[in-house]
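What follows is one structure encoded as structure tokens, with my remarks underneath.
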Amino acid sequence: MNNRKEIYLAIILFTTVAGCSEELNPNIEAAREHQTTGWLAYDRNDFSAALLSFERAVNLNSELTDAHNGLGWSHLSMSRVSAVNPQIVSKAKESFEDAIRIDSSNADAWVGLANTLFLRRRDNSDFQATLLALENAFDANHRFLFRHDYRSAADLHALKAACYFYLGKNDLAKASVQTVIGVDSQNPTALSLKGLLD
């Protein structure tokens, strides 16, 4: 009888511990700490340190969407420091796609993907994919928007206008420029495009 009770208690204890394993898993907490450290480094423009922290976070917990997002933004920001490096842009694209795969409502990752595709500009399909990524960003969870590197919807509409311009869709480009100017009359991208379109 005592053996049965001990086995029963052991099963209950194992089930309870197994059910709480995520809470007790030190890797998950460490991954979140690395993610936080990564964003702090990113905000200081220390993209190498940010990249390292986000990589550590992803290695500890591959399902942290914002760590993948941080990898993407870090790669993207590093590619802007010097001449555009296609390998870095490709890594940024993969990281944003990983973030979106985990959580398709992450508007910030959609914006990052849009910027990456626009920066890559292999052919017209990249401009069309940029427009689609921006639409997905507008449709996604808005609490993820305007976290860094873009201030408002004006910046996103300016990117749309640039895509339409490169695609030769001048009427849509003009409409997007007007949307930007309605939100931010001093937006430099919109003003430049307005001059080209007039």
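The values are calculated or read from the model by the stated rules, or taken from the named source; none is laboratory data. Remember, predicted model here, so these are calculated numbers, not experimental data. Here the Cβ positions follow ideal geometry from the backbone for every residue, glycine too, while neighbour counts run over all protein chains shown. Heads up: the accessible areas ignore ligands, DNA and RNA and are worked out on the full protein's heavy atoms, side chains in. Shrake-Rupley method; radii C 1.70, N 1.55, O 1.52, S 1.80 Å.
Values for this structure:
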item: Count of region 97-116 residues which are open to solvent by 10 Å² or more (accessible area, probe 1.4 Å), touching a Ser or Thr at 6+ places or on another chain (Cβ under 9 Å) and in a helix (DSSP H, G or I); result: 7
item: Test: residue in region 174-193 that is part of a helix (DSSP H, G or I), in contact with a Leu (Cβ under 6 Å, 6 or more places away or on another chain) and either surrounded by fewer than 15 Cβ atoms within 10 Å (Cβ to Cβ) or of a type outside the set (F, W, Y) (or both); result: yes
item: Residue count for region 40-51, restricted to those that are open to solvent by 30 Å² or more (accessible area, probe 1.4 Å) and in a helix (DSSP H, G or I); result: 5
item: Residue match in region 119-138 (condition: closer than 22 Å to E63 by Cα, in contact (Cβ under 8 Å) with a residue 40 or more places away in the chain and of a type in the set (S, T, N, Q)); result: no
item: Region 152-163 - residue that is of a type outside the set (G, A, S), under 20 Å from R122 (Cα atoms) and in contact with a Ser or Thr (Cβ under 6 Å, 6 or more places away or on another chain) and, of those, surrounded by the most Cβ atoms within 10 Å (Cβ to Cβ); result: C163
item: Candidate set: region 80-122, residues that are over 23 Å from A49 (Cβ atoms) and more than 14 Å from the chain's Cα centre (by Cα); chosen: the one modelled with the lowest pLDDT; result: P86
item: Residues satisfying the stated conditions in region 80-96, i.e. surrounded by fewer than 24 Cβ atoms within 10 Å (Cβ to Cβ) and part of a helix (DSSP H, G or I); result: R80, V81, P86, Q87, I88, V89, S90, K91, K93, E94
item: Condition met for H157 (touching a residue at least 40 places away in the same chain (Cβ under 8 Å) and not basic (K, R)); result: no
item: Extreme residue, most open to solvent (accessible area, probe 1.4 Å), among residues of region 137-149 that are farther than 20 Å from H75 by Cβ and in a helix (DSSP H, G or I); result: R143
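For every residue, the table says whether it meets (1) farther than 22 Å from N27 by Cβ; (2) at pLDDT 95 or above; (3) surrounded by 16 or more Cβ atoms within 10 Å (Cβ to Cβ).
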position	(1), (2), (3)
S53	no, yes, yes
L71	no, yes, yes
M78	yes, no, yes
L131	yes, yes, yes
